[in-house]
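One structure below.
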Amino acid sequence: MGIVAIGCDHAAYEMKEALKDHLKERGYDVKDFGTDSEVSCDYPDFAKKVAHAVADGEAEQGVLVCGTGIGMSIAANKVKGIRAAVVGDSFSAKATREHNDANILCMGARVIDIPKAIEFLDIFLDTPFSEGENHIRRISKLEE
Ligand code: RB5
């Protein structure tokens with residue numbers, strides 16, 4: 001099993017803890033970059049830590065959760081090499097791995113419940129990149 005970097009803000013602390021437990025149960029090594037409570041904090045601080053861990057190869061994949069998942073994705077996608085996707089349905093969880101080779105999964109604790117987040121995390125982890133020539137070409141254009 002691989003290494004997964006995880007982070008959250010105050011709005012998604014409970015979800016982050018549940019996802020972390022689930023990842024460990026599945027046999028992943030988890031690097032938890034916080035936050036560590038429901039005290040108000042700033043999501044970019046945690047998004048940057050997780051994004052750099054993934055971009056630098058310290059972790060293979062990342063998970064970022066906040067109220068909507070949106071702020072986390074905006075922040076994470078500013079780091080070169082990061083393809084962070086906000087997911088709120090099972091189709092997108094699968095498609096963003098197959099088509100975008102997404103390396104960070106973002107979800108919103110004020111949008112979906114914890115069982116759904118675990119379901120989408122499992123799909124994300126278990127879906128390989130398609131390796132399709134068209135998708136490789138499109139992803140390479142993201143780095144231009
Ligand atoms: C925090 O109130 C909220 O703005 C944050 O969790 C997130 O939803 C931002 O995108």
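Throughout, read-outs are computed from the coordinates displayed, never taken from laboratory work. Remember, predicted model here, so these are calculated numbers, not experimental data. Neighbour counts run over all protein chains shown; Cβ positions are idealised from the backbone, glycine included.
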query = Looking at VAL79, VAL30, which is the one that is free of Cβ contacts under 8 Å to residues at least 40 places away in the same chain, of a type in the set (A, V, I, L, M, F, W, C), in contact with a helix residue (DSSP H, G or I) (Cβ under 7 Å, 6 or more places away or on another chain) and closer than 11 Å to GLY7 by Cα?
reply = VAL30
ask   = Just checking, which of LYS141, LYS116 is surrounded by fewer than 19 Cβ atoms within 10 Å (Cβ to Cβ), free of Cβ contacts under 8 Å to residues at least 60 places away in the same chain, under 28 Å from MET15 (Cβ atoms) and among the basic types (Lys, Arg)?
value = LYS116
key: Residue match in region 8-30 (condition: of a type in the set (Phe, Trp, Tyr), touching a Phe, Trp or Tyr at 6+ places or on another chain (Cβ under 8 Å) and either more than 19 Å from PHE120 (Cβ to Cβ) or assigned to a loop (DSSP other than H, G, I, E, B) (or both))   = no
request  = Hey, can you tell me all the residues within region 106-122 that are within 16 Å of the ligand (Cβ to nearest atom), in a helix (DSSP H, G or I) and under 24 Å from LYS48 (Cβ atoms)?
outcome  = ALA117
note = For VAL50, the lone unmet condition from (1) within 11 Å of the ligand (Cβ to nearest atom); (2) part of a helix (DSSP H, G or I); (3) touching a helix residue (DSSP H, G or I) at 6+ places or on another chain (Cβ under 9 Å) is (1)
note = Within region 63-96, of all residues that are away from the ligand (no atom under 16 Å from the Cβ) and under 18 Å from PRO128 (Cβ atoms), the one surrounded by the fewest Cβ atoms within 10 Å (Cβ to Cβ) is PHE91
